[in-house]
Amino acid sequence: MRVVHISEEFSAGDVFTLIPTGDWHLGAADTDEDQIREDLKRHEDNPKARLILMGDIGELIGPGDKRWHPQGYMPERYRDAMLNPDGGIPSETVAHAAEILAPWSGRIWGIATGNHEMTVSKHCQRDLMTELAKELGGGAFNRLLGYSGFVRVSFRYDKRSKPSQSVGSMNIHVHHGWQTAGRAGSGNLINGMERELGYSDADVLLRGHSHAPRIAQVIPSLRINRTGVSEWPRLVASTGTYKVGHIEPKAGDHAATTYETFKNYRHKMPGAHLGPPIISITPRVRHQTEKEQSPWQMEVTL
């Protein structure tokens with residue numbers, strides 16, 4: 001399993017904004033691309049904002065796939081790409097994602113592969129997340145995680161006039177996911193992810209795939225160290241989706257059917273229920289009398 005190593009410097013009071021985003025399904029007519037761009041734009045000018053890509057960036061479904069539906073299935077750029085023998089829908093997906101993510105080059109902590117990209121890899125012998133990483137540059141190629149992996153972030157305090165002082169490393173377990181959403185509000189996802197905290201010493205667990213509304217919770221834990229017991233806040237999060245699950249036809253359009261409506265899945269409400277939770281991480285240098293405290297604070301905004 002791959003481990004990506006990241007080193008970040010901070011000054012007193014700095015807050016890192018982590019945006020674990022995925023399940024965009026670019027190329028699907030029921031993906032809210034405007035919301036993706038708006039959410040990323042909101043944090044684009046923050047020098048301490050960072051992304052983790054959770055997979056299923058593209059829908060990557062065309063004729064021959066059981067989920068294909070010909071009635072208004074995809075945006076025009078993908079209908080044109082479908083007829084292009086030079087790469088087709090997969091190449092258009094890479095170009096589309098690179099266009100959206102261009103301002104974030106060099107600020108991506110990890111890139112996971114989703115089941116939709118895995119299907120393309122199986123049938124077309126193409127690794128689309130590797131292609132995307134090459135397009136993005138800025139070290140993105142060294143952030144590839146596969147379907148599951150760890151991001152280890154080392155925080156170093158920048159004292160300006162003295163060498164940076166390490167305050168510890170945060171371990172983030174990224175897995176595209178496999179679970180279904182369960183009942184709305186049932187807590188099944190939180191319960192399952194809390195159980196998975198016992199599988200490793202990860203400080204943060206991120207899961208996608210389920211298309212559940214964004215869910216996150218800080219789990220209070222304890223860590224035993226040389227001098228005693230210290231607090232250990234750990235966080236679990238399901239990172240949501242931008243796939244709405246239905247298409248609102250315009251006046252004069254025929255009714256369009258998506259895979260989700262065909263399967264009678266619940267549709268997602270636009271806006272507030274789409275996209276990932278936002279995780280705020282505040283590293284801190286502990287004094288000798290504060291060894292029982294965690295080297296960082298975490299908060300989450302849903």
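Summary of values
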read-out: Estimated FRET transfer efficiency (Ser11, Asn225; beta-carbon r; R0 22 Å; 0.05); value: 0.25
read-out: Global form of the stretch 1-61, assessed from the alpha-carbon gyration tensor, a/c cut-off 1.5; value: oblate
read-out: Computed FRET value (nearest 0.05) for Asp86 with His254, which takes r as the C-beta separation and R₀ as 30 Å; value: 0.45
read-out: Which of Leu40, Leu128 has the fewest Cβ neighbours within 10 Å, and the rest in rising order; value: Leu40, Leu128
read-out: Ascending count of other beta-carbon atoms within 10 Å, so fewest first, for Lys268, Lys41; value: Lys41, Lys268
read-out: Fewest-first sequence of Glu131, Glu248 by Cβ atoms within 10 Å of each Cβ; value: Glu248, Glu131
read-out: Computed magnitude of the charge dipole of the stretch 20-132 (debye, nearest 20; Cβ of K, R +1, Cβ of D, E -1); value: 300 debye
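Every read-out reported here was derived from the displayed coordinates using simple, explicitly stated rules and does not represent laboratory data. Remember, predicted model here, so these are calculated numbers, not experimental data. Every residue, glycine among them, receives a Cβ derived from its backbone with ideal geometry; neighbour counts consider all protein chains shown.
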